[in-house]
Structures are given as C-alpha cells and as structure tokens.
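Reading through the structure tokens given below for one structure.
None of the figures in this text is laboratory data; all of them are computed from the coordinates on show. Everything numeric here is computed off the predicted structure, so don't read it as measured data. Glycine also receives a Cβ, built like all others from the backbone with ideal geometry; neighbour counts cover every protein chain displayed.
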Amino acid sequence: MVREVGEKVKIDVATLRPSQKVKGQVIRCDLIRTLTITCRVTYDGSATNPVRVNLYFSPNGKQWDTVPYTYFEPDLSAGETVQETAIIDMPEGGYMMFEVENRDSSVSATNIKVWIDFVRWVV
C-alpha cells in the first residue's frame, strides 16, 4: 500500500447562534484508517454547554443516519478560547458528513474553526 497525501476539510464560522448547527462537506470513507478532527471555539462567559462536532454516516451518500455515528465535544471553558483534537476510527466504506452544533440554548459561540484531516491508502 502507498500512502496518499491527506486532505483538509474545514468549517469556519464567525458566530454560531444558540442551538444553531452548520454542516460541513461530505467525505468518502474508503481507504481512510483514521480521521483527525481539530475544533477551535471561543465560548461566551455565560456558556453552560460545549459545542459538538457530529459525524453522520451514509452507505451511499444520499440517505443519512439521523443519529450521529460519533461526535466530539471540545472542553467547555466559559469565556475562553479552546482548541482540542480527536481521532476517529472510520468505517471501511460509505460516506461521512460532519456538522458543528452549538449545544448552548442561551448564548452564541464565536470564532469557530473545524479542521478535518485524513490520509487515504492507495493499493
């Protein structure tokens, strides 16, 4: 197997209103072993719930699960900017779509950036 250069997919949102969600790109899962997700967010000083990065699976890229395949939440530190990375095991086939969700129903989260990196193996 030969390692192919990884790809970067990104969400960049200035303000995510209370309970708002923003979708990212769709990623083809085949030949991806792991996915690295990094999320940077500035929490409001009154924040009580963290943002969440949800990943949804589809076997064909058309019909999507309604429950996340997995998710990751950067630690909540009210009034602070937090950056955290998670490593996700991927299914062998199908598609993934990701979104970032403000789980706080009262205050906005700002300066949100989500980077997703992965490497494909070429046979």
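A few notes on this one:
- Amide N of the range 7-39 lying under 12 Å from the label point, which is placed 7 angstrom from the Cα of Ile87 along Cα→Cβ: 33-37
- Potential lengthening between Glu80 and Arg28 on full extension [0.36 nm per residue; Cα-Cα distance subtracted]: 15.3 nm
- Taking amide H as placed 1.01 Å from N in the peptide plane, the amide H of Cys29 sits under 5 Å from that of Gly94, Tyr95, Met96, each at least 5 places away or on another chain.
- Using a cutoff of 8 angstrom between alpha carbon atoms and counting only pairs six or more residues apart, the relative contact order for the chain works out to 50 percent.
- Most to least packed among 51-61, 13-23 [average Cβ atoms within 10 Å]: 51-61, 13-23
- Above-threshold pairs, the threshold being 18 Å between Cα atoms, out of Lys8/Lys62; Lys23/Lys62; Lys8/Lys113; Lys62/Lys113: Lys8/Lys62; Lys62/Lys113
- Between the beta carbons of Trp64 and Ser106, assuming R0 = 25 Å, the FRET efficiency works out to 0.30 to the nearest 0.05.
- Dipole magnitude (debye, nearest 20) for the chain, charges at Cβ of Lys, Arg, Asp, Glu: 340
- Taking every Cα-Cα distance in the range 2-122 and sorting them into 10 Å bins from zero, the calculated P(r) comes out as 14, 45, 29, 11, 1 percent.
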